[in-house]
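Colleague: Structure in structure tokens, see below.
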């Protein structure tokens, strides 16, 4: 082929050669040759490197620490605007690294960043993971080095944003160049948050062990190092059982990592034993109920910060940094009424010097407005300075039979049937024989005992709720489906990961842990016709002049059908009008509720509601060290049931706050067939059957309880009878439908006994 032919072939788009040439690439394919792809990759790398260098040069290390690194006060106000307390005075004391024992330095490094002394100051992979998580709304950070955590604590803030994470990385690289490892570690130890409002390891040492950091031993230092992961959850004075287990596991992890890094010998490690820290010394501004109210508000703010995407640790540290103004939803008049009701109906009866059990009694209560979901009154204990744990929010005691309405709720919601195919309604007949084995999938022959050996082979669901018959509700839970019952309870506000909340028949007896706040929320959802209520104690919150957006307490989220919720309310009216809770019945306004008494009388409950106010009252037996003990003999009486002290407190409180709205009635929409229940009749004098008795009989004991035939009633002189008459007009005596219970009784509230439940 000559040159002319070659030129002609090229013009035609062919390459010279035998057989003609390949067609020239056209369109988008022209831009994706291997050479071009390599060029693109090189360009991207160059762009990335250039951007990295530009950002490195652009981002400066701030000259001073941020404002949050200098602790400020949090201000708490009541709903009427009056200041309750200023909490969070400066609790920071910087110390040189030389004052912090070397083994405690190593404990912190082992816990947080074992490669600290050799790493470049930034965990690129962890930071990238954190940025991706933030972009995807997962809210959890990736791994961070001690250098990065120091930068975040001292130069930046705890917000979870991509901008902050990028800044954190570049400032960390510059800090790594500017300071040596000892300087960075000193800064980290002096700016980290350890809980109890303590910033820095010196303040933490004083807060937990009441000694300077240079006096700590390694066991104590390892606990402070463990706290860095979850300060509030691992604080021994307020930690749940799970929190204590996790804290101990973290403590062991710290020491094991020290052995791995050869900072501690295996022989010395084997000698180490966990040493419990001391209790905190709260500010005088927290005395009485103030501490319980403020702690509830603090935990709610932290919970909401976590929902925004921050880690638990970051949320705790952010709030502890201060600068918040929090107005509580507490109604001063209702708060005063609740405190007075507890004093008049319970505390005035207690004499710890005469009766040891009286020194073990703890009471907690939460009162919620249905329309707003706001907490209007809360009682956490006699004095926050004397009893640090709030009885209003603790979840270590069983709610007992106050859980039974949730089983019926689940049955109505799912249209469940009995084993023989009959739809479950308030009128459905069950076998209420004492110790009757449960049948059906998951029942496994579980045979709970009824209180006072109550037996009725044909009892309606309404009557079973009135008398709290254990065998009926254990069977009903299996009929509905144990997983369905648990899901309904969680949807309504109970904590699915709570202590002992397992999907087994014993849940029918309230064998899980729950707090008065939890139960108030669950019953508020019933009162709110099935719309979810999550109790909130915060009316408003702001920081630096900016309002903090609060989630809706009374939401528009429907978790159960209105027909279901109203049907259960109708049944719970029967419990008050003609059942175990009749002592709180009123001929003036509607009341619905349920009593509960747990195994061995360790807790007793009444959770009840009117059309717009829900109040849960729990009585707990607690000895030294938090050990759960019986309430038997409280106030000089015999057993303590939900129809006694808890119901009396509830009644006294409600009779005070409902003076201006005494004719409130439920607005119920339900087509569920129900067993007839007589409403309370007007009465001008208290029924003699609810007064205390000083001699053995079947009448209520000095604490307003019905003695079991198997127990002799105390003949010790009881309290003033006038304190134990119903605070509101009582109902007429129970109608004789089926086996009756003496007035004041709490027939089915035995609770879950381990030897019977397995």
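Colleague: When you check residue 273 against the structure, is it in a loop (DSSP other than H, G, I, E, B), at pLDDT 90 or above and either touching a strand residue (DSSP E or B) at 6+ places or on another chain (Cβ under 7 Å) or in the same structural domain as residue 197 (by TED's automatic domain parsing) (or both), yes or no? Walk me through it before giving the result.
Modeller: On the way: in a loop (DSSP other than H, G, I, E, B): yes; at pLDDT 90 or above: yes; either touching a strand residue (DSSP E or B) at 6+ places or on another chain (Cβ under 7 Å) or in the same structural domain as residue 197 (by TED's automatic domain parsing) (or both): yes.
So residue 273 fits the description; yes.
Colleague: Picking from 381, 364, which residue would you name as being modelled with pLDDT of 95 or more, under 19 Å from residue 292 (Cα atoms), outside any strand (DSSP E or B) and in contact with a strand residue (DSSP E or B) (Cβ under 7 Å, 6 or more places away or on another chain)? Before the answer, list the steps.
Modeller: Details: 364 fails: outside any strand (DSSP E or B).
Every option except 381 fails the conditions.
Each row is one residue, and each column tells you yes or no for (1) surrounded by fewer than 22 Cβ atoms within 10 Å (Cβ to Cβ); (2) farther than 19 Å from residue 501 by Cα.
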| residue | (1), (2) |
| --- | --- |
| 400 | no, no |
| 412 | no, yes |
| 421 | yes, yes |
| 439 | yes, yes |
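Colleague: Return the residue satisfying two criteria in turn: it lies in segment 238-249 and is under 16 Å from the mean Cα position of the chain (by Cα) and touching a residue at least 24 places away in the same chain (Cβ under 8 Å), and of such residues it is surrounded by the most Cβ atoms within 10 Å (Cβ to Cβ). First the steps, then the outcome.
Modeller: Let us first name the residues in segment 238-249 that are under 16 Å from the mean Cα position of the chain (by Cα), namely 238-244.
Subset that is touching a residue at least 24 places away in the same chain (Cβ under 8 Å): 238, 240-242.
Working: 238: 20, 240: 15, 241: 13, 242: 12.
Taking the candidates together, the pick is 238.
Colleague: Now for a different question. In segment 447-463, what residues are part of a loop (DSSP other than H, G, I, E, B) and either at positive phi or surrounded by fewer than 22 Cβ atoms within 10 Å (Cβ to Cβ) (or both)? So that I can check it myself, show each step before the final result.
Modeller: Start the filter on segment 447-463 by keeping residues that are part of a loop (DSSP other than H, G, I, E, B), which leaves 447-450, 454-458.
Those that are part of a loop (DSSP other than H, G, I, E, B) and either at positive phi or surrounded by fewer than 22 Cβ atoms within 10 Å (Cβ to Cβ) (or both): 447, 449, 455, 456, 457, 458.
Colleague: In this structure, is residue 404 assigned by TED's automatic domain parsing to the domain that holds residue 469 and surrounded by fewer than 16 Cβ atoms within 10 Å (Cβ to Cβ)?
Modeller: Numbers: assigned by TED's automatic domain parsing to the domain that holds residue 469: yes; surrounded by fewer than 16 Cβ atoms within 10 Å (Cβ to Cβ): no.
Spelling it out, it is not the case that residue 404 is assigned by TED's automatic domain parsing to the domain that holds residue 469 and surrounded by fewer than 16 Cβ atoms within 10 Å (Cβ to Cβ).
Colleague: Moving on. If you go through segment 526-535 one residue at a time, do you hit one that is buried (at least 21 other Cβ atoms within 10 Å of the Cβ), in contact (Cβ under 8 Å) with a residue 60 or more places away in the chain and part of a strand (DSSP E or B)?
Modeller: Scanning segment 526-535, I find at least one residue that is buried (at least 21 other Cβ atoms within 10 Å of the Cβ), in contact (Cβ under 8 Å) with a residue 60 or more places away in the chain and part of a strand (DSSP E or B), so the answer is yes.
Colleague: Within segment 146-203, can you find the residues that are touching a helix residue (DSSP H, G or I) at 6+ places or on another chain (Cβ under 9 Å), outside any helix (DSSP H, G or I) and modelled with pLDDT of 75 or more?
Modeller: Hits for segment 146-203 are 155, 179, 192, 193, 194, 195, 196, 197, 198, 199, 200.
Colleague: Out of (1) in a loop (DSSP other than H, G, I, E, B); (2) at pLDDT 95 or above, what's the single condition that is false for residue 501?
Modeller: With respect to (1) in a loop (DSSP other than H, G, I, E, B); (2) at pLDDT 95 or above, residue 501 is out only on (2).
Colleague: Right, next: Somewhere in segment 552-564, is a residue more than 20 Å from residue 375 (Cβ to Cβ) and crowded, with 21+ Cβ neighbours inside 10 Å?
Modeller: There is at least one residue in segment 552-564 that is more than 20 Å from residue 375 (Cβ to Cβ) and crowded, with 21+ Cβ neighbours inside 10 Å.
Colleague: Sticking with this structure for a sec: Please enumerate the residues belonging to segment 462-478 that are in contact with a helix residue (DSSP H, G or I) (Cβ under 7 Å, 6 or more places away or on another chain) and under 15 Å from residue 422 (Cα atoms). Steps first, please.
Modeller: Residues of segment 462-478 in contact with a helix residue (DSSP H, G or I) (Cβ under 7 Å, 6 or more places away or on another chain): 462, 464-466, 468, 470, 472-474, 476-478.
Hits for segment 462-478 are 472, 476, 477, 478.
Colleague: Does residue 596 fit the bill of being assigned by TED's automatic domain parsing to the domain that holds residue 520 and surrounded by fewer than 24 Cβ atoms within 10 Å (Cβ to Cβ)?
Modeller: So residue 596 does not fit the description; no.
The values are calculated or read from the model by the stated rules, or taken from the named source; none is laboratory data. Not measured: the values here are computed from a predicted model. Cβ sites come from the backbone with ideal geometry, for glycine too, and all protein chains shown count toward neighbours.
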